[in-house]
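One structure is given here, and the rest of the page talks about it.
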Amino acid sequence: MAKAKVVSDRLAKAKCQEWLETVGFTDTKPARRQSCDLLATKDGRTYYIEIKYSSKEEGSFFGTVMLTELYKAICNYENYLFLVCRGKGDNIDNWSFKLFGVKDFLKCCTLTTPIFLYHLDVKDGFNLTPPGFTKNTTLATEELIRQMWRDFKKWKTKNYPPRPMD
């Protein structure tokens, strides 16, 4: 059996923390249940920082951003940053970083499709298992999917006017 490729952003988060400290941020720490990856302080202000990482060595790339992250961003417009990074290995000199504010990041985001999550229990025979539910989760039902699809089709029109790039 082929070994599964494991994709983890653990190293990227560590490198981002390291880089943020070189550009004047302090108290960088992982964010828990904050709809971002890191919290950091600069000039007495706390920032929510969402990391967008690619291990691709060259050329353009695209990534995903969750609705929860974008909502947190627009609700914390002045204190939410997107940190796009690319690199591999422990040497920070082999990494590239760029911070974007909400306004600039939103100019380059498009809605393609809502995402649902599923849970697979590998230890229990590779079976699908019901996820743990919290107040922030909703079971996917046929009715919910149909309603979201109807709403989504209204948002995603082919004749949508271009967004101003101010």
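The values are calculated or read from the model by the stated rules, or taken from the named source; none is laboratory data. All figures in this text were calculated on a predicted structure; none of them were measured in a lab. Cβ atoms come from the backbone with ideal geometry, glycine included; neighbour counts cover every protein chain shown.
Below, the figures for the structure above:
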quantity: Residue under evaluation Ala40, criteria (1) over 30 Å from Gly132 (Cβ atoms); (2) assigned to a strand (DSSP E or B); (3) in contact with a Ser or Thr (Cβ under 7 Å, 6 or more places away or on another chain); (4) without any contact (Cβ under 8 Å) to a residue 24 or more places away in the chain, criterion not met; calculated: (1)
quantity: Residue list for the stretch 147-166, filter: farther than 17 Å from Leu67 by Cα, at pLDDT 70 or above and surrounded by 10 or more Cβ atoms within 10 Å (Cβ to Cβ); calculated: Gln147
quantity: Test: residue in the stretch 10-22 that is under 23 Å from Ile115 (Cα atoms) and modelled with pLDDT under 95; calculated: yes
quantity: Residues of the stretch 86-105 satisfying the condition of being among the charged types (D, E, K, R) and either in contact with a Cys (Cβ under 7 Å, 6 or more places away or on another chain) or surrounded by fewer than 17 Cβ atoms within 10 Å (Cβ to Cβ) (or both); calculated: Lys88, Asp90, Asp93, Lys98, Lys103, Asp104
quantity: One residue from Ser60, Ser54 being within 27 Å of Pro114 (Cβ to Cβ), of a type outside the set (Val, Ile, Thr), touching a residue at least 12 places away in the same chain (Cβ under 8 Å) and surrounded by fewer than 19 Cβ atoms within 10 Å (Cβ to Cβ); calculated: Ser54
quantity: Condition met for Gly87 (touching a Ser or Thr at 6+ places or on another chain (Cβ under 7 Å), of a type outside the set (Phe, Trp, Tyr), within 30 Å of Phe25 (Cα to Cα) and at pLDDT 80 or above); calculated: yes
quantity: Residue list for the stretch 54-76, restricted to those being of a type outside the set (Val, Ile, Thr) and at pLDDT 90 or above; calculated: Glu69, Leu70, Tyr71, Lys72, Ala73, Cys75, Asn76
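Results for (1) loosely packed, with under 11 Cβ neighbours inside 10 Å; (2) modelled with pLDDT of 85 or more; (3) more than 22 Å from Lys13 (Cα to Cα); (4) among the hydroxyl-bearing types (Ser, Thr, Tyr), shown as yes or no for each residue.
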position	(1), (2), (3), (4)
Gln34	no, yes, no, no
Ala40	no, yes, no, no
Glu50	no, yes, no, no
Asn79	no, yes, no, no
Lys107	no, yes, yes, no
Thr110	yes, no, yes, yes
Asn136	yes, no, yes, no
